[in-house]
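Everything on this sheet refers to the single structure shown next.
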Amino acid sequence: MVGYATLVLSPATDSYFCDVSVSLALRRRGIGTRLFTEVQRVADRPLPVLGRVMSSQPLRRPFAEHLGGSVLMHCPTPALDPTSAACRHWTAAQRLPEGYVTAPMVDVPAEEVRAAWSSYFTWAHQPFGVVRPEALPTVWDDYRGGVDATLSSLCRDADGAIVALSLVSPEVWDGRTFIVAETVDRDQPLGLALLQATLAASLRALADRGFERVEIEGHSSDAHIPPLFETLPAGSHDPMDLYLFAPDRDAVSSSSTSKQPPQP
Ligand SMILES: CC(C)(COP(=O)(O)OP(=O)(O)OC[C@H]1O[C@@H](n2cnc3c(N)ncnc32)[C@H](O)[C@@H]1OP(=O)(O)O)[C@@H](O)C(=O)NCCC(=O)NCCS
């Protein structure tokens, strides 16, 4: 095998994720371009195709740009040490606006949490493609399996409605711990302060349990993630860009055929 390409339909949005990899010794011969073009022929509909460019795989960027992709959004993914003095200082400085309370997820009815996450997921993933509401219960069930209900936090308003969430998935991928945090409604009043206080509740719980590294997920297109990240203590990060490729690949298809690569 000289390389492979995968095309995966997103679980709940009308878009595909494409991943191409070519053996080190056989790169720059047009194989990656050919694989990218060919794999899209198996798609049953002309949906947008997304690709991930991680900081750990820098060659993906010129490749994605060669294919006509453009950056759809950045995912800065900052890392924090909840036990550090800087993080404890940040956590202590967050003030919950009057009339709101935070609670560990374990104290909130499961159906309310699912509904709050579904609302958040729907607005936050609109830039990826059309969200399919009927798929959300299955996506939630899969995701919920990795979420720790004692580390995760929710924020309620005076009427008891959940307005912000901070969902912690400990050691869920490659030993890494991630948090998904945002407001339930995109246009939530006082959204940044509510999000900060809700995240702080999770960071306190993580510190109490001795977690020394947690990474915060989120997109540059999210309502409160960019201003939130500006306030966090400085630390390491593992950024990723999501590229968008138009469904029409005719231009790439014709340019790749001129290179006559070996058969993949
Ligand atoms: C990204 C990847 C799939 C490209 O596969 P490929 O078969 O080499 O791609 P192609 O030959 O079709 O390249 C098409 C175009 O992409 C761009 N490109 C690909 N690799 C590039 C590189 N190393 N540097 C600059 N541009 C590059 C060029 O524009 C190239 O056209 P050109 O060769 O006419 O200049 C391959 O490098 C890969 O598998 N990378 C994943 C692993 C990785 O990134 N590791 C990082 C190690 S530091």
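The values are calculated or read from the model by the stated rules, or taken from the named source; none is laboratory data. Source: prediction; values computed, not measured. In this analysis, Cβ positions are derived from the backbone assuming ideal geometry, glycine residues included, and neighbour counts consider all displayed protein chains.
When region 92-106 is examined, which residues are found to be in a helix (DSSP H, G or I) and closer than 21 Å to Gln188 by Cβ?
Step one: of region 92-106, the residues in a helix (DSSP H, G or I) are 92-93, 105-106.
Ala93, Met105, listed by residue number.
Looking only at region 147-177, residues that are of a type in the set (A, V, I, L, M, F, W, C) and crowded, with 19+ Cβ neighbours inside 10 Å come to 10 in all. For region 219-229, does any single residue satisfy the condition of being in the same structural domain as Tyr120 (by TED's automatic domain parsing), closer than 30 Å to His66 by Cβ, surrounded by 15 or more Cβ atoms within 10 Å (Cβ to Cβ) and in contact with a Cys (Cβ under 8 Å, 6 or more places away or on another chain)? There is at least one residue in region 219-229 that is in the same structural domain as Tyr120 (by TED's automatic domain parsing), closer than 30 Å to His66 by Cβ, surrounded by 15 or more Cβ atoms within 10 Å (Cβ to Cβ) and in contact with a Cys (Cβ under 8 Å, 6 or more places away or on another chain). Each residue in region 126-159 was checked for being under 16 Å from the mean Cα position of the chain (by Cα), among the β-branched types (Val, Ile, Thr) and not in a helix (DSSP H, G or I), and 2 of them qualify.
Of all residues in region 19-38, which are crowded, with 19+ Cβ neighbours inside 10 Å and part of a helix (DSSP H, G or I)? Within region 19-38, Ile31, Gly32, Thr33, Arg34, Leu35, Phe36, Thr37 qualify.
When residues in region 213-241 are screened for being within 21 Å of Pro170 (Cβ to Cβ) and acidic (Asp, Glu), 3 of them pass. Restricting attention to region 229-264 and to residues that are at pLDDT below 75 and of a type in the set (A, V, I, L, M), the residue that is nearest to the ligand (Cβ to nearest atom) turns out to be Val252.
Every condition in (1) surrounded by fewer than 17 Cβ atoms within 10 Å (Cβ to Cβ); (2) touching a strand residue (DSSP E or B) at 6+ places or on another chain (Cβ under 6 Å) is met by Val108 except one, and the failing one is (1). With the structure loaded, tell me whether Met54 is more than 22 Å from the chain's Cα centre (by Cα), modelled with pLDDT under 95 and within 16 Å of the ligand (Cβ to nearest atom) or whether it fails that test. So Met54 does not fit the description; no. Can Gly99 be described as on the phi > 0 side of the Ramachandran plot and not assigned by TED's automatic domain parsing to the domain that holds Arg28? Criteria met by Gly99.
Residue count for region 59-91 satisfying the condition of being away from the ligand (no atom under 16 Å from the Cβ) and either part of a loop (DSSP other than H, G, I, E, B) or polar (S, T, N, Q) (or both): 7.
Among the residues of region 1-48, the ones that are within 8 Å of the ligand (Cβ to nearest atom), touching a helix residue (DSSP H, G or I) at 6+ places or on another chain (Cβ under 9 Å) and either under 14 Å from His66 (Cβ atoms) or of a type in the set (Phe, Trp, Tyr) (or both) come to 7 in all.
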